[in-house]
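Novice: Got a structure for you, questions after.
The values are calculated or read from the model by the stated rules, or taken from the named source; none is laboratory data. All values reported here derive from a predicted model rather than from experimental measurement. We place every Cβ from the backbone using ideal geometry, glycine too, and count neighbours over all the protein chains shown.
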Amino acid sequence: MTSLELLNIRKSYGGTRVLDDVSLEMDDCEFVAFLGPSGSGKSTLLRIIAGLETADAGEVRLAGRRIDQLPPGERNVAMVFQSYALYPHMTVRENMAFGLRNARIPKDEIDARIAQAAEVLEIKDQLDKKPAQMSGGQRQRVAIGRAIVKQPGLFLLDEPLSNLDAALRTRTRVELAQLRRRVAAAVIMVTHDQAEAMTLADRIVVMNERRIQQVGTPMEIYAHPANAFVARFVGSPAMTLAPATLVDSDGGHARVKLSDGAEVGTRIAAKALPAGALRLGLRPEAVSVVAPGAGTTDAEVQLVERLGDRTLVYAKLADGQDITASDQGNSRVTIGQKVGLSIDGAAAHLFGPDDVGHHAEPAT
């Protein structure tokens, strides 16, 4: 069942367009992440849903009811802000109860909702503390708890982990993943951190330049990026995009030549490719380090990043093209060394002059 519908949302500040004809549908209890760089419009879109901004055009519907003309308090949504926005002079219990008291919820029900939220968030022993007595992770849980007690149809999370240090961010990410299974409501999270989006979301909405670039599951986005922007933005390190020329068709699949002269046979249908310049897209796992002369091409190592279970090798081809490859965790590769690179053409992507992505056909 559809929970949220965004229909042709547009927004400008003065003469600057920040959202351009954005439409989206999400289901009940679905977790969707708005992912994109700063300035892509994702936070503005979240604030329009919450009622903190007004769209210039378009509609917002929740459970079939139009809500964009309603004040924030009547929309059945709850927002968790990046800055926690807790009242410093109130205890945790008072912070969580504040909105319910304003809504004239009976005291017994307020107490029951707070107790239930505290149980879910594991902050029962924190209820009588004030925010200054708590860690950043605990304060974030209180902010989430204040949203939970409202029992909304939609949770809106505005970069909820960005104020936490790296270790706490990872731990809180796990807690959010567990929490979303206990809360019967749809969730939208705005983030610029792809690890958060890939870990938590059922679907990711990738945004850039005022528009939605692609909507899909995390692995759909990673394995079949709709265009070159998505290919570079999703995945760490970023996908290599190397200029290439179509030179042949092997059984209907495109064979391309890189600018250093190396040829790569792909599993991409040649007939589907547009005329004009191409770019070959390679994830690091599609490029393996081998002995010089033993692979598809050779390169000079520029940087070695040792991650324990694997090693990332950043190198340059003879024509100066940057490329990222993977090696074993105990790799002996060093900076300045000449290495061979074996390219798995079956895992390659191609992007035409229009930046649209073309991907491998399933093996038969």
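Novice: Is it true that some residue in region 64-78 is touching a residue at least 40 places away in the same chain (Cβ under 8 Å), assigned to a strand (DSSP E or B) and touching a Phe, Trp or Tyr at 6+ places or on another chain (Cβ under 8 Å)?
Specialist: The answer is yes, given that some residue of region 64-78 is touching a residue at least 40 places away in the same chain (Cβ under 8 Å), assigned to a strand (DSSP E or B) and touching a Phe, Trp or Tyr at 6+ places or on another chain (Cβ under 8 Å).
Novice: Based on this model, can you work out whether ASP354 counts as under 21 Å from PRO243 (Cα atoms), assigned to a loop (DSSP other than H, G, I, E, B) and more than 31 Å from the chain's Cα centre (by Cα)? Please lay out each step first, then the result.
Specialist: Details: under 21 Å from PRO243 (Cα atoms): yes; assigned to a loop (DSSP other than H, G, I, E, B): yes; more than 31 Å from the chain's Cα centre (by Cα): no.
So ASP354 does not fit the description; no.
Novice: Can I ask one more? Tell me whether region 123-140 contains one or more residues that are in contact (Cβ under 8 Å) with a residue 12 or more places away in the chain, among the acidic types (Asp, Glu) and more than 24 Å from THR191 (Cα to Cα).
Specialist: For region 123-140, residues in contact (Cβ under 8 Å) with a residue 12 or more places away in the chain, among the acidic types (Asp, Glu) and more than 24 Å from THR191 (Cα to Cα): present.
Novice: Are there strands (runs of 3 or more DSSP E) fully within region 175-273 with at least 1 residues that are over 18 Å from the mean Cα position of the chain (by Cα) and surrounded by 16 or more Cβ atoms within 10 Å (Cβ to Cβ)? List them.
Specialist: 240-250, 253-258, 263-269
Novice: Inside region 235-253, can you point out the residues that are among the aliphatic types (A, V, I, L, M), modelled with pLDDT under 95 and in contact with a helix residue (DSSP H, G or I) (Cβ under 6 Å, 6 or more places away or on another chain)?
Specialist: ALA238
Novice: Given the criterion farther than 30 Å from ALA132 by Cα and surrounded by fewer than 20 Cβ atoms within 10 Å (Cβ to Cβ), identify the matching residue among ALA63, ALA112, ALA103.
Specialist: Going through ALA63, ALA112, ALA103 in turn, the sole match is ALA63.
Novice: OK, next. When you go through LEU350, LEU303 one by one, which is the residue that is touching a residue at least 60 places away in the same chain (Cβ under 8 Å), closer than 18 Å to GLU285 by Cα and touching a Leu at 6+ places or on another chain (Cβ under 9 Å)?
Specialist: On inspection, the qualifying residue turns out to be LEU350.
Novice: A further question on this structure: Touching a residue at least 40 places away in the same chain (Cβ under 8 Å), assigned to a loop (DSSP other than H, G, I, E, B) and either under 24 Å from the mean Cα position of the chain (by Cα) or surrounded by fewer than 15 Cβ atoms within 10 Å (Cβ to Cβ) (or both): does that describe MET26?
Specialist: Details: touching a residue at least 40 places away in the same chain (Cβ under 8 Å): yes; assigned to a loop (DSSP other than H, G, I, E, B): no; either under 24 Å from the mean Cα position of the chain (by Cα) or surrounded by fewer than 15 Cβ atoms within 10 Å (Cβ to Cβ) (or both): yes.
So MET26 does not fit the description; no.
Novice: Go through (1) in contact with a strand residue (DSSP E or B) (Cβ under 7 Å, 6 or more places away or on another chain); (2) surrounded by fewer than 19 Cβ atoms within 10 Å (Cβ to Cβ) and name the single condition GLY308 misses.
Specialist: (1)
Novice: Does ILE335 fit the bill of being at pLDDT 95 or above, part of a loop (DSSP other than H, G, I, E, B) and not polar (S, T, N, Q)?
Specialist: yes
Novice: Restrict the check to region 307-318 and report whether at least one residue is closer than 22 Å to ALA254 by Cα and assigned by TED's automatic domain parsing to the domain that holds LEU246.
Specialist: Yes: region 307-318 contains one or more residues that are closer than 22 Å to ALA254 by Cα and assigned by TED's automatic domain parsing to the domain that holds LEU246.
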